[in-house]
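Report on one structure; see the data block that follows.
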Amino acid sequence: MTHAFDIDALAAYLTQHLPGKWSRLEVRQFVGGQSNPTFLLDNGERKVVLRKQPGGQLLPSAHAIDREFRVMQALGATDVPVPRMLHFCSDASVIGTPFYVMQHLDGRVFGDPLLPDQSPSARAAMYDAMNGTLARLHRVDYRAVGLADYGRPGNYFARQIDRWTRQYRQSETSPIAAMDRLIDMLPGLVPNDDRATIAHGDYRLENLIYHPTDSVVIAILDWELSTLGHPLADLAYNCFAYRLPSGAVKGIAGVPLADTGIPTEREYVERYVARSGIEPHAPWGFYMAFALFRLAAILQGVLRRALDGEASSPDALQRGKLAPLCAEVGLAAVAGG
């Protein structure tokens with residue numbers, strides 16, 4: 001187990017704070033996440049999921065699991081599918097970092113956006129469900145669910161460009177020319193559009209749980225980067241796979257999509273706009289460039305943690321090295337739309 005902790009101490013704590021007896025506790029880490037380590041806990045009668053901060057030195061504002069817990073707890077009263085929150089522990093002495101416990105859901109998680117084991121009709125339905133679930137999230141009245149102070153509405157892109165520039169510089173390992181160009185260019189391309197919704201921040205296929213047999217999203221996971229933000233930033237990030245080649249953060253650029261059931265990027269965006277009524281106020285290439293810039297900054301952080309021996313996943317080093325490619329594709333989006 002990459003992130004070992006005292007299972008007996010955890011079992012004693014859970015017995016005090018959750019129903020049932022947790023003295024016979026089995027722990028298994030989920031593989032695949034690049035940020036906050038996540039574990040399946042099984043006491044023989046019940047399964048729950050624990051999510052914690054990674055160990056080591058953390059970047060400012062990163063790995064804010066208290067925010068994850070808060071936003072999912074708030075969304076539990078809406079039609080946005082999230083796991084039920086069970087308990088938050090801020091006491092780092094229990095397992096070394098703060099953590100929370102949430103409902104375990106039986107369902108399907110897909111890591112490959114090509115969905116190779118699905119039929120064309122199933123792929124079409126699953127992409128449509130992903131699209132519709134995002135539009136549903138962006139329709140939530142964040143004030144009504146108690147999240148008015150969850151972020152600063154307005155000026156989202158400018159603030160995010162500044163934030164991720166700082167995060168990138170703090171985790172920089174070697175110069176990336178395309179990243180430097182994006183850092184120079186993006187602030188001057190920000191549209192005059194201050195709309196704000198709850199923004200997931202990492203909305204993509206592998207952060208969704210689908211029903212065991214139906215093409216229905218039953219949960220959105222990994223809310224670490226969520227805030228009050230611009231909905232089209234979420235949509236563009238959801239579309240980055242269309243711009244990256246196969247094998248690079250599981251991209252599908254260059255893959256013939258005809259007859260696969262998977263919509264084109266344009267079709268996917270148009271479907272979201274029709275559902276949400278939210279129109280871009282800048283060329284679509286800006287939103288994609290921003291999404292890829294942000295992804296490059298995130299991957300640079302993944303690389304930094306891997307080099308420091310604090311990776312959350314065994315493939316962290318390999319994925320972190322994709323930051324330059326993401327920056328280059330983002331720079332191309334500025335020119336190409």
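The values are calculated or read from the model by the stated rules, or taken from the named source; none is laboratory data. Predicted, not measured: the structure shown is a model, and the values here were computed from it. Neighbour counts are summed over all protein chains in view; Cβ atoms, including those assigned to glycine, are modelled from backbone coordinates with ideal geometry.
Structure above, values below:
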item	result
Counted residues, the stretch 76-122 - those being among the hydrophobic types (A, V, I, L, M, F, W, C), assigned to a loop (DSSP other than H, G, I, E, B) and closer than 30 Å to ILE252 by Cα	7
Answer residue from the stretch 1-20, given it is small (Gly, Ala, Ser) and assigned to a loop (DSSP other than H, G, I, E, B) and is modelled with the lowest pLDDT among those	ALA4
Yes/no for MET72 being touching a Lys or Arg at 6+ places or on another chain (Cβ under 9 Å), modelled with pLDDT of 95 or more, buried (at least 19 other Cβ atoms within 10 Å of the Cβ) and not charged (D, E, K, R)	yes
Test: GLN34 is at pLDDT below 85, buried (at least 18 other Cβ atoms within 10 Å of the Cβ), outside any helix (DSSP H, G or I) and of a type in the set (S, T, N, Q)	yes
Some residue of the stretch 172-180 being at pLDDT 95 or above, touching a His at 6+ places or on another chain (Cβ under 9 Å) and either within 26 Å of GLY330 (Cα to Cα) or not assigned by TED's automatic domain parsing to the domain that holds ILE218 (or both)	no
Considering residues of the stretch 224-268 that are surrounded by fewer than 22 Cβ atoms within 10 Å (Cβ to Cβ) and among the polar types (S, T, N, Q) only, the residue modelled with the lowest pLDDT	SER246
Answer residue from the stretch 86-111, given it is surrounded by 15 or more Cβ atoms within 10 Å (Cβ to Cβ) and hydroxyl-bearing (Ser, Thr, Tyr) and is nearest to ALA129 (Cα to Cα) among those	TYR100
Residue satisfying condition, being in the same structural domain as ALA323 (by TED's automatic domain parsing), of a type in the set (D, E, K, R) and modelled with pLDDT of 95 or more, within set ARG304, ARG271	ARG271
Close pairs from the stretch 72-96: first under 28 Å from ALA4 (Cβ atoms), partner among the polar types (S, T, N, Q), Cβ under 6 Å, at least 6 apart	PRO83/GLN103; ARG84/GLN103; MET85/GLN73
Candidate set: the stretch 118-133, residues that are of a type in the set (Gly, Ala, Ser) and under 18 Å from VAL82 (Cβ atoms); chosen: the one surrounded by the most Cβ atoms within 10 Å (Cβ to Cβ)	ALA129
Some residue of the stretch 150-164 being in a loop (DSSP other than H, G, I, E, B) and in contact with a Pro (Cβ under 6 Å, 6 or more places away or on another chain)	no
Condition check for VAL80: touching a Phe, Trp or Tyr at 6+ places or on another chain (Cβ under 9 Å) and either in the same structural domain as LEU235 (by TED's automatic domain parsing) or at pLDDT 95 or above (or both)	no
Whichever residue in the stretch 152-172 is in contact with a strand residue (DSSP E or B) (Cβ under 9 Å, 6 or more places away or on another chain) and buried (at least 20 other Cβ atoms within 10 Å of the Cβ) and, among such residues, is farthest from HIS230 (Cα to Cα)	GLN160
Tally of residues being part of a helix (DSSP H, G or I) and either of a type in the set (Val, Ile, Thr) or not assigned by TED's automatic domain parsing to the domain that holds THR213 (or both) across the stretch 125-140	1
